[in-house]
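The values are calculated or read from the model by the stated rules, or taken from the named source; none is laboratory data. Everything quoted here is computed from the prediction, not taken from an experiment. Note that each Cβ is placed from the backbone with ideal geometry, even for glycine, and that neighbours are counted across all protein chains shown. Ligands, DNA and RNA are excluded from the accessible area calculation, which covers all protein heavy atoms including side chains. Shrake-Rupley method; radii C 1.70, N 1.55, O 1.52, S 1.80 Å.
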Amino acid sequence: MSPRAAVVWTPEFLSYDLGDDHPLDPVRLDLTMRLATELGVLEGVEPLVPQQAPDEEVQRVHVPSYLTAVKSAPEDPFGVGHGLGTEDNPVFLGMHEASALICGGTLLAAREIAEGRADRAVNIAGGLHHAMRDRAAGFCVYNDCAVAISWLLDHGFERIAYIDVDVHHGDGVQAAFYSDPRVLTVSLHQHPMTLWPGTGWPGEYGEGEAAGRAVNLPLPPGTPDSSWLRAFHAVVPSLLQEFRPQILVTQCGVDTHLEDPLADLGLTVDGHRAIYRTLRELAIHTAGGKWLAVGGGGYGLFRVVPRSWTHLIATVLDRDVDPQRPLPAGWLAHTASLTARQLPVSMTDGGDTSFVPWTEGADRVDPAVIETRRAVFPLYGLDPDDPRD
């Protein structure tokens, strides 16, 4: 029997709009849903329409004074503080409402799973993983990932694994649960010496009872699909098998792509598809099939994000799209009217997603792998130098 899967979507998500020249352009969400629809991925699927998360839910991870600032900022945008009104996080009309709606979307996805109506759910508008307790950061106003994890902890889940494959460190989620042994946060990201926010070192591994619950795997600029997958498989499956989560929450940012204008990793759309399929398998084998997926970063608005996240939606729904599948003419015509960039013609970049296990050969990611394994594996009774662990 196929797992029951839910897609959370409303065109109102497009109201989270930081301005015309801001890299986080909501057109990427619209183009993704158009592409998924035209390819038939959403055929027969009735998307769930969220409501704004009420203040008390947002305040699971944000202080009340910060919500007050977000609400009042559009009327008085100067000197509001809290990371608002910056180049990264400009103030916009309806900012609280748009941010709370994205939180509501990820909460709705969590509730569908917690209450047994779905085994998997996806909210591509979510994944705003940089927002901190009392401030906006990195294009993120409210941290929907952390809000949903907190809610799940209060609704029947005692062990939650959060896996973040965005090019930037999942710092806000790590900070929210850094001393909570019930939450394992894993982030694979471009090395903090080479990319904002400059955190996510292997030595950041949690504190107190939660030592080992934060896992960071920083990767060198230029890392391609094969090396990224080598590193992931060298660290993540072993830890999940030991931790035995009851649900997998995954932030699926696609700014790891080689064309992304804000970062320097070297993945392809094919690498992204391989990651999603791996996450699906890990959810099945380590988390009882429970999987909540959200979006995240990704600034290749026309060529990358729509294809990658269509693959994500398709993977969640068990409607995997053949990489060779041509892009629909209607989608191409619409998208060509929005950009002068040459558009791809199919759902593949022609990337090679085969990889050699880290125990064989040599690869540029191996020093990062062993440093991360040595930081956290002993805390799970695993031997960082033993390829069987």
Region 255-373 - charge dipole about Cα centre, Lys and Arg +1 at Cβ, Asp and Glu -1, debye rounded to 20:
480
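Can you run the Rg to Rh ratio on the chain? Use alpha carbon positions and the Kirkwood inverse-distance Rh.
Ratio of gyration radius to Kirkwood radius for the chain: 0.94.
Report the antiparallel proportion of the DSSP beta bridges in the chain as a percent, rounded to a multiple of 5.
10
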Counting only protein heavy atoms and leaving out ligands, DNA and RNA, the solvent-accessible surface of Met33 at a 1.4 Å probe, in Å² to the nearest 10, equals 20
Label-point separation in nm, Thr10 to His155, each point 7 Å along Cα→Cβ
1.6
What is the distance in Å between the Cα centres of region 202-257 and region 84-103?
29
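Kindly provide the helix-only [θ] at 222 nm of the chain, computed as the sum of -39,500 (n - 2.57) over DSSP H runs of four or more divided by all residues, to the nearest 500 deg cm²/dmol?
That calculation yields -10000 deg cm²/dmol at 222 nm.
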Under 5 Å, built H, 5+ apart or other chain: amide partners of Asp164
Val186, Ser187, Leu188, Gln251
For Gly289, the residues 5 or more places away or on another chain with a placed amide H closer than 5 Å to its own amide H are Ile284
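Gain in length, Asp352 to Glu87, computed as 0.36 nm per residue apart minus the alpha-carbon separation, to one decimal in nm?
Values: separation 265, 0.36 × 265 = 95.40 nm, distance 3.67 nm.
Going from the current span to full extension adds 91.7 nm.
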Quote the FRET efficiency, to the nearest 0.05, computed for Trp201 versus Ala336 with a Förster distance R0 of 41 Å and r equal to the Cβ-Cβ distance.
0.45
Cβ-placed point charges (K, R +1; D, E -1), dipole of region 1-150 about Cα centre in debye, nearest 20
520
Output for region 67-171: chymotrypsin sites (Phe, Trp or Tyr not before Pro) sitting in coil per DSSP, at most 16 other Cβ within 10 Å, listed by number, reads Phe78
Relative packing of 331-338, 246-253, which averages over residues the other C-beta atoms within 10 Å, highest first:
246-253, 331-338
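About the Cα centre, and with charges only on the beta carbon of Lys, Arg (+1) and Asp, Glu (-1), how big is the dipole of the chain? Nearest 20 debye, please.
680
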Identify, among Val80, Gly94, Ala114, the residue whose Cα sits farthest towards the positive end of the charge dipole of region 61-118, taking +1 on the Cβ of Lys and Arg and -1 on the Cβ of Asp and Glu, with the dipole about the Cα centre.
Ala114
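With contacts defined as alpha carbon pairs under 8 Å and 6 or more residues apart, what's the relative contact order of region 279-389 in percent?
Result for region 279-389 is 16 percent.
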Work out how much length Glu209 to Leu343 would gain on full extension: take 0.36 nm times their residue separation and subtract the Cα-Cα distance, in nm to one decimal.
43.3 nm
